[in-house]
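Only one structure is covered here, and it is reproduced in the block below.
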Amino acid sequence: MTTMNKQAANGIDRRKLLVASLASIAAAVAANLVAFFIARAMFDLPADFPPLSVGAITFFTVLGTGLGALVFALLVRRSAAPVRTYWIIAIVALMLSILPNFLAAANPVLFPFPGGTATAFLVLTLFHVIAAVVSVVVLTRMSRG
């Protein structure tokens, strides 16, 4: 097998994609759980707010970063500059994902979550940012040839 078959012309080694994807997901989950325990110690977070649980944080971090890894894998096959394109897509996706949290923080009564407070919604926003940064950095760095 030649180097071109193993490594795309765009600098990404396709053989590394699966491991890089799994590592990016695991790193994002770990970072978000650490942030959750720190936030819980620092802020008076509502115990009855369903999104602020270990299970919910883990599930939604795996879901979002897993989908992100799939998008990156598609870009590696179709883009001459997959890393640059992926960063742009990730930033846009992050902005779209945190918008509802900012709206909910501004007026928690409008959102149907028991225990939802402005602080709780802002902490959720922090988890979106942490997951995005950690997963994109790990994925794009680990998959390079």
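Condition check ((1) of a type in the set (A, V, I, L, M); (2) open to solvent by less than 90 Å² (accessible area, probe 1.4 Å); (3) modelled with pLDDT of 95 or more) across all residues:
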site: MET1; (1), (2), (3): yes, no, no
site: SER24; (1), (2), (3): no, yes, yes
site: VAL29; (1), (2), (3): yes, yes, yes
site: LEU63; (1), (2), (3): yes, yes, yes
site: ASN107; (1), (2), (3): no, yes, no
Checklist entry - If LEU18 passes every condition in (1) under 17 Å from LEU122 (Cβ atoms); (2) open to solvent by 20 Å² or more (accessible area, probe 1.4 Å) but one, which one does it miss? => result (1)
Checklist outcome for this item: Output for Cβ contacts, cut-off 8 Å, separation at least six or different chains, first residue free of Cβ contacts under 8 Å to residues at least 12 places away in the same chain and in a loop (DSSP other than H, G, I, E, B) in segment 94-117, second among the aliphatic types (A, V, I, L, M) and open to solvent by 90 Å² or more (accessible area, probe 1.4 Å), reads PHE111/LEU103
Checklist entry - Within segment 37-65, how many residues are among the aliphatic types (A, V, I, L, M) and within 15 Å of the chain's Cα centre (by Cα)? => result 4
Checklist entry - If the Cβ limit is 9 Å and pairs must be 6+ apart or interchain, which residue in segment 32-50 that is of a type in the set (Ser, Thr, Tyr) pairs with which residue that is open to solvent by 90 Å² or more (accessible area, probe 1.4 Å) and modelled with pLDDT of 95 or more? => result none
Item to check | Among (1) more than 27 Å from ALA20 (Cα to Cα); (2) open to solvent by 80 Å² or more (accessible area, probe 1.4 Å); (3) of a type outside the set (S, T, N, Q); (4) touching an Asp or Glu at 6+ places or on another chain (Cβ under 8 Å), the one test that PRO114 misses | outcome: (2)
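The values are calculated or read from the model by the stated rules, or taken from the named source; none is laboratory data. This is a predicted model, so every value here is computed, not measured. So basically every Cβ, Gly included, is an ideal-geometry build from the backbone, and we count neighbours across all protein chains shown. Calculation scope for accessible area: heavy atoms of the full protein, side chains included, ligands and nucleic acids excluded. Shrake-Rupley method; radii C 1.70, N 1.55, O 1.52, S 1.80 Å.
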